[in-house]
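Down below is the structure, laid out as structure tokens.
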Amino acid sequence: MERQEVNEFFSTELLAWYRQIKRDLPWRMNRDPYRVWVSEIMLQQTRVDTVIPYYNTFMNKFPTVKALAEAPETEVLKCWEGLGYYSRARNLQAGAREVTERYDGIVPDDKASVAGLKGVGPYTTGAIMSIAFNRPEPAVDGNVMRVLSRYFCLEDDIAKPSTRVSIEKLAASLIPEGAAGDFNQALMELGALVCTPKSPGCLPSCPVMEHCTARLEGKEHELPVKTKAKPPRPEFRAAAIVAGSGEHAGKVLVRQRPATGLLAQMWELPHLLLPKDKAGWLAEHAPKEQGELAAMIGQMLEEDTGLLIRPRSWFTDADHIFSHIHWKMRFYLADLGEASGMLEEVASAAEYAGIAAEAASEYNVTDKLASHYRWIGLEDMETLPFPNLFLRILKQYWE
DNA sequence: AAAACGGGGGT
DNA sequence: ACCCCAGTTTT
């Protein structure tokens, strides 16, 4: 069989297969470009099963571009809580605002305009253009790179950006006339359901195994080639659950993270990065033996918040692993010392000195950050967005 | 080109 | 324990 025929076999059989077995997913209800857009952003580095409940909630709360554009950012982040990569949510809303302002609320049927939206890269551009508008653009994600690497026995490292570019050209050449949306989804559906990373289900499931080069050469388990990621670096952090008193009785102190960087704009319990030389203590000593460390943490948190914070006892330890950082955290229960200042004083001090704090990337500049602190009760957790790590700890605290 | 950027599920 | 997921942005 000629190469051309093998390619046509692939496209034809895959498309037919998809139209038979495609899953009934919420974003396949219709081709509303906004619905496609939201789904594609949520699906970035996130499994279908994880996305489904978030997608339904999100579309219910923000049914249109306009509804999303007009919503408070905190509400959008709250809907994204636990889904990860929170800049996706903020970029999506920025995109909705751009579509509202520049395109009258209509997602444009134009590649360059779509590609210009925040959070929309090469993959998502192709996905929106093909699925919503049936334009013949490739949409190459991890699934597609795996499927095509195997079918065509491509040995290029799929971790390299240049590999994605070359696979995009190949994928574009395979799109059947007038069926871009279905074909691109077929490619991904095959990768998700059959041509899986660990144990590809060639037989009896794969509609194109007959001419799959990797399988014919017995290399379906070796492909695709991908360099493995660096392990996350460890960071030791100490946190405090500060119980309020007086008018703040029953509440705890939380703060909002900066507008950029890790977990941007999310809320958290106050904590700090231990210097490398101190970090060893946390690793090597039982929590009970660490009165000295606790005292140090109280002092550092005092400097951070402007409050007189007194750690009283160890609460729990928790590990939280991001892609690139491994947080090893120790939580202390704390309360406020006798001469504690009011939060209002702290806030005004922050306002007073806020001008100089622009460059601070961590929470080591007292003046600017204090205004980001807030006392909250259990009921406030339903409005403020927290990363799962802190959500778990706070629920445990209020149990 | 490499690192930053979450969190969870599969094996 | 390790892999990877319907990736994008920043450095």
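We did not get these values from a lab; they are worked out from the coordinates using the rules stated. Because the structure is a prediction, the values reported are computed rather than measured. Don't worry about glycine lacking a Cβ; one is built from the backbone with ideal geometry, like all the others, and counts go over all protein chains shown.
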Notebook entry, point to check: Helix A:343-353 versus the longest principal axis of chain A: what angle, 0 to 90°, nearest 10, using Cα atoms?
Noted result: 70
Check: Tell me, what HN-Hα J-couplings in whole Hz come from the Karplus equation 6.51 cos²θ - 1.76 cosθ + 1.60 at θ = phi - 60° for each residue of region A:77-92, using x for Gly and Pro?
Finding: 5, 4, 5, 9, 3, x, 7, x, 6, 5, 4, 4, 5, 6, 5, 4
Notebook entry, point to check: Rounded to the nearest 0.05, what FRET efficiency is calculated for A:T64 and A:H372 with R0 set to 35 Å and r the Cβ-Cβ distance?
Noted result: 0.65
Checklist line | Rounded to 5, the percent of DSSP beta bridges in chain A classed as antiparallel | finding: 65
Note to self: To the nearest 20 Debye, how big is the dipole of chain A about its Cα centre, given +1 on the beta carbon of each Lys and Arg and -1 on that of each Asp and Glu?
What the structure shows: 680
Notebook entry, point to check: How far, in nm, would the chain grow between A:L203 and A:E101 when pulled straight, counting 0.36 nm per residue and subtracting the alpha carbon separation?
Noted result: 31.6 nm
Next item on the list: Enumerate the amide H contacts of A:R237 below 5 Å, restricted to partners 5 or more residues apart or on another chain; note that Pro and chain-start residues carry no placed amide H.
Entry: A:L274, A:K328, A:M329, A:R330
Checklist line | Cα-based Rg / Dmax (Å) for region A:99-153 | finding: 13.5, 46
Notebook entry, point to check: Among A:V76, A:Q45, A:I21, which residue has its Cα positioned farthest towards the positive end of the charge dipole of region A:1-88, with +1 placed on the Cβ of Lys and Arg, -1 on the Cβ of Asp and Glu, and the dipole taken about the Cα centre?
Noted result: A:V76
Margin query: For region A:139-222, place one equal point scatterer on every Cα, skip the solvent, and apply the Debye formula. What is log10 of I(q)/I(0) at q = 0.10, 0.11, 0.12, 0.17 Å⁻¹?
Written below: -0.22, -0.26, -0.31, -0.64
Item checked: FRET E, pair A:A71, A:L25, Förster distance 25 Å, beta-carbon r, rounded to 0.05 -> 0.55
Check: What is the fewest-to-most order of A:D156, A:D182, A:D317 by other Cβ atoms lying within 10 Å of their Cβ?
Finding: A:D317, A:D156, A:D182
Margin query: Considering the Cα positions of region A:176-253, please state its Rg to one decimal place and its Dmax as a whole number of Å.
Written below: 25.2, 74
Checklist line | For region A:1-125, projected area of the alpha-carbon convex hull averaged over all directions, nm² | finding: 9.1
Check: What is the Rg over Rh value, at two decimals, for region A:3-216, using alpha-carbon atoms and the Kirkwood definition of Rh?
Finding: 0.98
Checklist line | Degrees between helix A:3-21 axis and first principal axis of chain A (Cα, 0 to 90, nearest 10) | finding: 60
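Exposure proxy check: A:H271, A:H248, A:H221, A:H372 ranked by fewest other beta carbons within 10 Å?
By the 10 Å Cβ count, ascending: A:H221, A:H372, A:H248, A:H271.
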Item checked: Cα-based Kirkwood hydrodynamic radius, chain A, one decimal, Å -> 24.1
Notebook entry, point to check: For A:R312, which sequence-distant residues (separation of 5 or more, or a different chain) have an amide H within less than 5 Å of its own amide H, given hydrogens modelled in the peptide plane?
Noted result: A:L333, A:A334, A:D335
